[in-house]
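The values are calculated or read from the model by the stated rules, or taken from the named source; none is laboratory data. All of these numbers come straight from a predicted model, not from anything done at the bench. Ideal geometry is used to build each Cβ from the backbone, glycine not excepted, and the neighbour counts take in all protein chains shown.
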Amino acid sequence: MKHNLYRYILGIADNSLILGQRLGELCGHGPNLETDIACTNMSLDLLGQVRSYYQYAAKIKGEGASEDSIAFLRKEREYYNVLLVEQPNTDFGYTMARQFLFDVYHLLFLTELQKSSDLTLSAIATKSIKEVSYHQRFSSDWIKRLGDGTEESNTRIQTAINDLWTYTDELFYLTDADKAMVEEGIGVDVATLKDAYYKTVSEVLEEARIEIPESKYFQKGGKQGIHTEHMGYLLADMQYMQRAYPNMEW
Amino acid sequence: MSTKNWPLWEVFVRSKNGLEHRHFGSLHAADAEMALENARDVYTRRNEGVSIWVVESKYITASNPEHNGEMFEPAQDKVYRHPTFYDLPDEVKHM
């Protein structure tokens with residue numbers, strides 16, 4: 001098995017799976033009908049992308065693996081998503097801040113992944129990029145609305161940005177599998193996206209009258225399977241059906 | 001759920017190029033830009049459209065149903081206003 005490629009694909013797909021799960025939690029619980037549907041739509045976009053990645057990963061893994069077994073039957077330490085995406089929907093500000101901080105990265109990442117020498121990955125990137133462009137437009141708009149809205153909305157979105165800022169640096173960290181894939185021309189050297197990322201993020205935050213956090217203390221670990229305390233609860237929720245009724249299908 | 005409601009907007013969607021925009025429904029949004037994005041998510045997520053118009057509902061002037069008598073009934077017995085009194089040659093198949 002191509003171990004590094006397998007790990008690399010999970011590293012990409014797990015971000016979308018876990019963020020998709022978080023957004024899906026809002027289905028029927030959004031602040032109003034319209035935003036509820038918008039968040040669920042983004043969730044479904046992400047889960048659609050995830051299916052393509054996991055189907056590919058299942059082929060590489062063999063041993064009877066399927067997209068479902070990869071999505072639902074791993075243990076916490078075998079998920080390689082960044083810490084940012086597993087953070088909870090504390091309020092709508094957190095949901096949009098998390099979305100925005102991930103979307104800007106996601107779009108930059110997919111733009112580069114299109115150039116991958118792995119044709120399956122570049123095809124998935126090309127297919128996903130329009131969806132993710134819209135996600136970034138949507139979340140950026142909300143950042144501006146909340147930041148430049150009322151005193152309360154500004155305070156709340158500022159708090160969310162401050163709290164989530166500590167998880168942004170991990171996006172640009174390369175694991176051993178990442179480095180190996182970069183060398184083979186398959187992977188994206190995410191460290192090179194960092195400047196463009198903080199430039200775009202800062203522009204939107206400034207327009208939104210949100211102060212850019214100055215903290216230089218960053219957390220990481222998700223890419224190595226070491227997660228925050230929120231992850232276990234999320235997985236318990238997400239994996240319940242497959243654990244309780246193994247191999248069940250809709 | 002917020003207690004202060006955003007204004008209501010009417011949504012018109014053109015389902016294909018060449019067709020006209022049709023009224024699809026209404027939704028709430030704080031301004032026109034948000035109304036467009038909400039309309040995109042609420043009404044075109046199943047590939048229903050290629051173009052969206054939104055207009056705040058308060059800008060639509062509607063006829064009063066109480067006046068339907070004087071507004072519409074006079075037209076009911078004027079069948080001669082329909083172009084149905086021409087004999088079409090058989091060769092004209094689609095008219």
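Of the residues in the stretch A:28-44, not one is crowded, with 23+ Cβ neighbours inside 10 Å, assigned to a helix (DSSP H, G or I) and among the charged types (D, E, K, R).
Could you please let me know if residue A:89 is modelled with pLDDT of 95 or more, surrounded by fewer than 18 Cβ atoms within 10 Å (Cβ to Cβ) and either in a loop (DSSP other than H, G, I, E, B) or not polar (S, T, N, Q) (or both)? In short, yes.
If you check A:101, A:193, A:171, which single one turns out to be closer than 25 Å to residue B:38 by Cβ and either away from chain B (no Cβ under 14 Å) or out of contact with any Gly (no Cβ under 9 Å at 6 or more places or on another chain) (or both)?
Numbers: A:193 fails: closer than 25 Å to residue B:38 by Cβ; A:171 fails: closer than 25 Å to residue B:38 by Cβ.
Step by step, each of A:101, A:193, A:171 is checked, and only A:101 is closer than 25 Å to residue B:38 by Cβ and either away from chain B (no Cβ under 14 Å) or out of contact with any Gly (no Cβ under 9 Å at 6 or more places or on another chain) (or both).
Within the bounds of the stretch A:140-156, is there any residue that is assigned to a helix (DSSP H, G or I), under 30 Å from residue B:35 (Cβ atoms) and in contact with a His (Cβ under 9 Å, 6 or more places away or on another chain)? No - not one qualifying residue is present in the stretch A:140-156. One residue alone among A:62, A:28 is modelled with pLDDT under 95 and more than 22 Å from residue A:11 (Cβ to Cβ), and that residue is A:28.
A count restricted to the stretch B:37-95 and to residues that are closer than 30 Å to residue A:44 by Cα, of a type in the set (Lys, Arg) and modelled with pLDDT of 90 or more stands at 1.
Of the residues examined, residue A:141 is one that is modelled with pLDDT of 95 or more and within 14 Å of chain B (Cβ to nearest Cβ).
Taken as a whole, the structure leaves residue A:179 outside the set of residues that are within 27 Å of residue A:21 (Cβ to Cβ) and surrounded by 12 or more Cβ atoms within 10 Å (Cβ to Cβ). Taking the criterion of being under 15 Å from the mean Cα position of the chain (by Cα), within 14 Å of chain B (Cβ to nearest Cβ) and of a type in the set (S, T, N, Q), the only residue of the stretch A:1-40 that qualifies is A:40.
Of the set (1) without any contact (Cβ under 8 Å) to a residue 12 or more places away in the chain; (2) within 14 Å of another protein chain (Cβ to nearest Cβ); (3) farther than 28 Å from residue A:80 by Cβ, all apply to residue A:146 but (1).
Within the stretch A:1-44, the set of residues being under 17 Å from residue B:39 (Cα atoms) and not aliphatic (A, V, I, L, M) comprises A:30, A:31, A:32, A:34, A:35, A:36, A:39, A:40, A:41. Can you tell me which residue is nearest to residue A:92 (Cα to Cα) among those in the stretch A:49-66 that are assigned to a helix (DSSP H, G or I) and touching a residue at least 60 places away in the same chain (Cβ under 8 Å)? Top of the filtered list is A:49. Only one of the numbered conditions (1) in contact (Cβ under 8 Å) with a residue 60 or more places away in the chain; (2) within 17 Å of the chain's Cα centre (by Cα); (3) under 30 Å from residue A:212 (Cβ atoms) is violated by residue A:91, and that is (2). If the requirement is being at pLDDT 95 or above, under 15 Å from the mean Cα position of the chain (by Cα), outside any loop (DSSP other than H, G, I, E, B) and within 14 Å of another protein chain (Cβ to nearest Cβ), which of these qualifies: A:135, A:106? Residue meeting the stated conditions: A:135.
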